[in-house]
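Only one structure is covered here, and it is reproduced in the block below.
Bear in mind these aren't lab numbers, they're just calculated from the coordinates by the rules spelled out. Please read all numbers here as calculations on a predicted model, not as lab measurements. Note: ideal-geometry Cβ built from the backbone for every residue, glycine included; neighbour counts use all protein chains shown.
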Amino acid sequence: MKNTFTEPVSKMLKLGRADDPWLNYSTLGITSDDIPELIRLVEDHELRIMEPPNDFPEDEDLPEWYAQIHAWRALGQLKAEEAIPAILGILHQVDDEDDDWIGEDAEEVFALIGPTAMSPIAEYLKDEANGLYARVEAAKSLHAIGKAHPNTRDECVRILASVLENYKKNDEGLNGFIIYDLVRLNAVEYIDLIERAFQSESVDEMIMGDFEDVQIELGLIEERITEPARLPFFERLLQQDEIFESEKKAARDKKKEKKKRKQEKKSRKMNRKRK
């Protein structure tokens, strides 16, 4: 196996589950000198899918499965601008592999790296060849940068709005999430564009609600003019979180069962060889 990394990056292969709050990776001796090795680790996809040994407990996780997560978090803490292409390069795993980890961490990593990430993220967001949820995470990352670096807020809003301009062509879900990010950046200057997107019926209203919900969140009106077609915004978010967690658990259980069946198949094959 080629998973050989120099110290102290090799320590990440044994850290195990990457919980919150994030570890301060400088305590491992990680410095800017380790950035090339950390990028190499982020790009080592084999670690995320490696099979455990036959005698490994099925209810435990291999620590190597989490090494990439520790690596991109460390790169964020190091503000490693040279890591931007590598992190964008694995963002597709949100769609292709239902990878919640990179989906949830990307925005914080890019916010730590800072404004230099804006232009590459903008190009990624605009590229229709990229997956829907990878583009959603790119939009969220622009929101995170705009929040963490207030002097970039206007440019982040402009980029998000420029993608929303294609609302008729965009996926309705992408439009909904971009509007959500614009609202979180208090982008009242683009209310006319947001209204046009809703009027064209090009927005998934399960994300942010309808146009009245948007106006309320932006402080443009105090209360609804019409009866809500759905639950209030924050109740919907809570409901969606519950559904999301339930779906994640079902996916984990399915993956675990698949891995178990695969291991049983291996065992039967080995037993046949011994006879």
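So, with +1 on the Cβ of K and R and -1 on the Cβ of D and E, and no other charges, what is the size of the charge dipole of segment 35-121 about its Cα centre, to the nearest 20 debye?
720
Just order 174-184, 202-212 by mean Cβ neighbour count inside 10 Å, highest at the front, would you?
Ranked from most to least packed, the peptides come out as 174-184, 202-212.
Taking square-rooted eigenvalues a ≥ b ≥ c of the alpha carbon gyration tensor, is segment 95-192 rounded, prolate or oblate, where a/c under 1.5 means rounded and, failing that, a/b exceeding b/c means prolate?
oblate
Size of the dipole of segment 115-237 about the Cα centre, Lys and Arg at +1 and Asp and Glu at -1 on the beta carbon, nothing else charged, in debye to 20?
440
With +1 assigned to the C-beta of every Lys and Arg and -1 to the C-beta of every Asp and Glu, and no other charges, what is the dipole magnitude of segment 23-178 about the Cα centre in debye, to the nearest 20?
1220
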